[in-house]
Amino acid sequence: MPIDVHFLARLFPALLEGAEVTVELAVLTMAICVVWGLVVALGQATRGPLGWAAGAYIQIVRNTPLLIQMYIVYFGLSLVGVPLSGFASGLLALCLQNGGYVAEIYRGGLQSVSARQYEAGRALGMRRWTLYRSVILPQVIARVIPPLANQGISITKDTSQVAAIAVMEIMKVAQVWVESSANTYDVFLAVGLIYLVLTSVISVGARVAERQLAFVS
Amino acid sequence: MNAESSLATDVTSPRPMLDMSGIVKRFGANEVLRGVSLQVARGETVVVIGPSGSGKTTLLRCVNLLEDYQQGTVAVDGEPVGYVMDRGGQRQRMAEREIAAAREKIGIVFQSYNLFPHMTVLQNIVAAPIRVRGIPRPKAEQRARDLLAMVGLSEKADAYPARLSGGQQQRVAIARALAMDPKIMLFDEVTSALDPELVGEVLAAMQQLARDGMTMIVVTHEMSFARDVADRVVFMDGGVIVEQGAPEEMFASPRTDRVRQFLKRYNDRYRI
């Protein structure tokens, strides 16, 4: 199959525009989930209704497909009179689902810190917030970097599903080009390559962060 | 001595530094402390001995409420820790903020060191003074370096705990507890996890502390430490204090069979 240079020259600028939307979705989702997931994980660690609600949330969002969550947000909210744009709906659905996954990552990290560390902090007069901020969370964060990076890669790929609600991210742009040109292989190979570049940036960034945050243990 | 100076140094105060009264602790149906009362005078070193499961570690952990208890009260230097009695004679739990404040005055050193692994030795020592007591960093670090010098670890200030031997980690843990200027120090089998050749350096630091007038409760299996350093030895078994007294008396002529048997087993095991 000969490579059509002229076709690629027209395709790439369009794909890069779509990639920009992909990056926006992925970066916003990661940034929000890093915080939101921690809130859910700390909520789940408490006793009572808050812990129960956090646990139920995690179960529901992890155990249903992203696509369904996205449809519910996109079509459901407009039915009840709160229409959101495709981008906002996609972002919200991505954050809802990945917030559950990230909360589970934090939960694992929190459980890996020995109860003796909590005792040592409390014995020194630390109250809950000081204890978490200076003793527990720094240890948790160092340990959750690798699984968080993994989740970041997964999020980046999951943004492709937002194409289903007509957001012009890279996958939707590709679909449009495939339909108009019938040049399926060139388009999807190019798209795959761009995803690979984006996820590689996350992998490398995580390695660097891991090394920076590692303490001798 | 005139009245004024005795007030200033407070050595003649009849109020004990630690006053534990009627402590009852249950794990489910299992009563591990059956109404234990213990008073420790200012500057006194009390060594608690007894067989495993006798409740001595639990008693120590009740002092700063790392272990909750179902009956009884604790006061350090006259200030309640954990519970206060209301007018109707009912025990009321203090607010978490008040409990945290009370814990600042009670240093504890654990069997397993429990240093913060993500902090250097110096950071371990200054963390609570800075973040709990609000002491300015330069002042906290100066104090930390003084304490490190005292336990013989000045050159390890910037090392991470994982790079230290068990004995060195335990001496850092002692320095970390002392950095809060506690009124009393609790030692929970602090040499039990150490290789035999490292036990001496930790006991030496504790002995120095006792000599400097720190009020201490030491739960240990080191009978030689009890004999040489304790002002008073407390023997616990089955969740009660069975016998207590000066070390020379208790080791030479125990009054109860249980202490006699315990010491005999100990001597048989360690006779060379």
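The values are calculated or read from the model by the stated rules, or taken from the named source; none is laboratory data. Since this is a predicted model, take the numbers as computed values, not measurements. So basically every Cβ, Gly included, is an ideal-geometry build from the backbone, and we count neighbours across all protein chains shown. To get the accessible areas, we keep the full protein, side chains included, count just its heavy atoms, and leave off ligands, DNA and RNA. Shrake-Rupley method; radii C 1.70, N 1.55, O 1.52, S 1.80 Å.
One table, with the values for the structure above:
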quantity	calculated
Choice from B:202, B:234, B:84 showing the highest fluctuation, given a GNM over chain B with Cα pairs closer than 10 Å	B:84
Residues in the range A:85-130 that, when all protein chains are in place, have 10 Å² or more less accessible area than the chain alone would give (probe 1.4 Å)	A:116, A:117, A:119, A:120, A:122, A:123, A:124, A:125, A:126, A:127, A:130
Exposed trypsin sites (Lys or Arg not before Pro) absent - longest run of chain B, DSSP non-H/G/I/E/B, at most 16 other C-beta within 10 Å	B:134-254
Residues in the range B:127-163 that, when all protein chains are in place, have 20 Å² or more less accessible area than the chain alone would give (probe 1.4 Å)	B:128, B:131, B:132, B:160, B:162, B:163
Computed over chain B: relative contact order in percent, which uses C-alpha pairs under 8 Å that are six or more apart	24
Stretch gain in nm, segment residue B:211-residue B:240, where the contour uses 0.36 nm per residue and the Cα spacing is subtracted	7.6 nm
Gain on full stretching of the segment that runs from residue B:24 to residue B:181 - 0.36 nm per residue minus C-alpha separation	53.6 nm
About the Cα centre, charge dipole magnitude for the protein assembly as shown (Lys/Arg +1, Asp/Glu -1 at Cβ), debye	760
Qualifying aspartates and glutamates (Cα of each under 15 Å from Cα of residue B:183; at least 8 residues distant if same chain)	B:10, B:19, B:44, B:77, B:79, B:104, B:212
FRET efficiency estimate (nearest 0.05) - Cβ-Cβ, residue B:268 to residue A:213, R0 51 angstrom	0.50
Student exercise, the range A:5-216 dipole from Lys, Arg, Asp, Glu Cβ charges, in Debye to nearest 20	1080
Chain A: most fluctuating residue of A:199, A:156, A:46 per GNM, C-alpha cutoff 10 Å	A:46
Long-range amide H partners of residue B:236 with built H, under 5 Å	B:49, B:50, B:242
Chain A, relative contact order in percent, only Cα pairs under 8 angstrom and at least six apart counted	28
Proximal lysines to residue B:264, defined as alpha-carbon separation beneath 20 angstrom and excluding residues fewer than eight positions away on the same chain	B:56
Residue (of A:33, B:194, B:118) at the positive-pole extreme of the protein assembly as shown, dipole from beta-carbon charges	B:194
GNM flexibility winner over chain B from B:177, B:41, B:95 (Cα, springs under 10 Å)	B:95
Chain A: DSSP helices with Cα axial extent of at least 24 Å and average Kyte-Doolittle hydropathy no lower than -0.5	A:5-44, A:86-111, A:137-158, A:184-213
Extreme residue, positive dipole direction of the protein assembly as shown, given options A:144, B:206, A:204 (C-beta unit charges)	B:206
Structure-based [θ]222 nm, the protein assembly as shown - -39500 (n - 2.57) summed over DSSP H runs of at least 4, per residue, nearest 500	-17500 deg cm²/dmol
At least 30 Å² accessible surface lost relative to isolated chain, residues of the range A:171-217 (1.4 Å probe)	A:215, A:216
Surface share of carbon and sulfur [accessible, 1.4 angstrom probe, percent] for the protein assembly as shown	56
Segment residue B:154-residue B:34, length gained on full extension (0.36 nm per residue, minus Cα span)	38.8 nm
Accessible area buried at the B-A interface, both sides summed, 1.4 Å probe (Å², nearest 100)	2000
Positive-end residue, the range A:1-142 charge dipole about Cα centroid, Cβ charges, pick of A:134, A:121, A:43	A:121
Dipole magnitude (debye, nearest 20) for chain B, charges at Cβ of Lys, Arg, Asp, Glu	460
Accessible area in square angstrom per residue, the range A:5-216, 1.4 angstrom probe	51
